[in-house]
């Protein structure tokens, strides 16, 4: 097997339910980060660490399970018409969030929630599919989920809260012995873009385009930053989604009721009946990650990302102070064979 090298892909700014970290937990996290050795990284970031771009696996070379009816998930009807893409008030210009564009979309159906561990388990049982994390032998885990006696592990330089953990996969999201953290009702994680495509083939769906994803996330509200409309989440009283509260990366206060992933159906759905379109876990789209810009500074940020795929929605690790990507227009990208403990997916279905 080829040697796997991890790099950082994003953020150029500053489980079963886990126990809310204490001061001691935060101190332990800081100590581990200072002691464990780090691998080389090509850019600062926090969102979507990636395997080296030269190691991207061609999805067509992967074993694709035979198509079947799969399980019948609950879906929402998303109307066609004029869809909005992007924003005229971008916060992360280098990510290509703007400008606001109008696109035509056809009606489609979308999973009301991210694919759960239970649903993915049914796929694996029916097909015998092995995820890329299982076949490669490792995946990325956020450091706060490692046990107190965790051995030294490889990190991405300058973002040492991301650890390459041998044996981490969807069944053991925090590494060997963490099967209990694979909650049936939570989103499946450690899923690569290639894995998501294989599941979609079996389930009779597909990954959404960026336009479809944003159109669905807006829930009929138009040009708004969040699925619920306006109103920024905070660390005090407004908790409309599962993101970080507290000092990143040491202490997540869990004021929204969750540390780590939340159930796929949690918090209030948007106007189309979709849950957790922002926060909780990142979601794959079907399209490449591209940023159209002639600025050298932007080109430098995204150098080496040929073949990367676009993800939307942010995750439980996002916070306005460091990774303000839990907005509808926010964007990030990573290689097709990358997997982490905060990345999942949901499907759409043509009608």
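The values are calculated or read from the model by the stated rules, or taken from the named source; none is laboratory data. Model, not experiment: these values are computed from the prediction. FYI the Cβ positions are ideal-geometry reconstructions off the backbone, even for glycines, and counts take in every protein chain you see.
The table that follows gives values for the structure above.
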quantity: Subset of the stretch 296-318 (residues that are in a loop (DSSP other than H, G, I, E, B) and crowded, with 23+ Cβ neighbours inside 10 Å); calculated: 308, 313, 314, 315, 316, 317, 318
quantity: Hits in the stretch 96-123 (condition: in a helix (DSSP H, G or I), farther than 22 Å from residue 260 by Cα and in contact with a helix residue (DSSP H, G or I) (Cβ under 9 Å, 6 or more places away or on another chain)); calculated: 123
quantity: Number of the condition not met by residue 321 [criteria: (1) assigned to a loop (DSSP other than H, G, I, E, B); (2) modelled with pLDDT of 90 or more; (3) surrounded by fewer than 22 Cβ atoms within 10 Å (Cβ to Cβ)]; calculated: (2)
quantity: Test: residue 231 is crowded, with 22+ Cβ neighbours inside 10 Å and assigned to a loop (DSSP other than H, G, I, E, B); calculated: no
quantity: Only listed residue being part of a loop (DSSP other than H, G, I, E, B) and closer than 22 Å to residue 310 by Cβ, chosen from 250, 190, 238; calculated: 190
quantity: Odd one out for residue 280 among (1) surrounded by 21 or more Cβ atoms within 10 Å (Cβ to Cβ); (2) over 30 Å from residue 255 (Cβ atoms); calculated: (2)
quantity: Residue in the stretch 124-166 that is nearest to residue 317 (Cα to Cα), counting only those that are touching a helix residue (DSSP H, G or I) at 6+ places or on another chain (Cβ under 9 Å) and part of a loop (DSSP other than H, G, I, E, B); calculated: 146
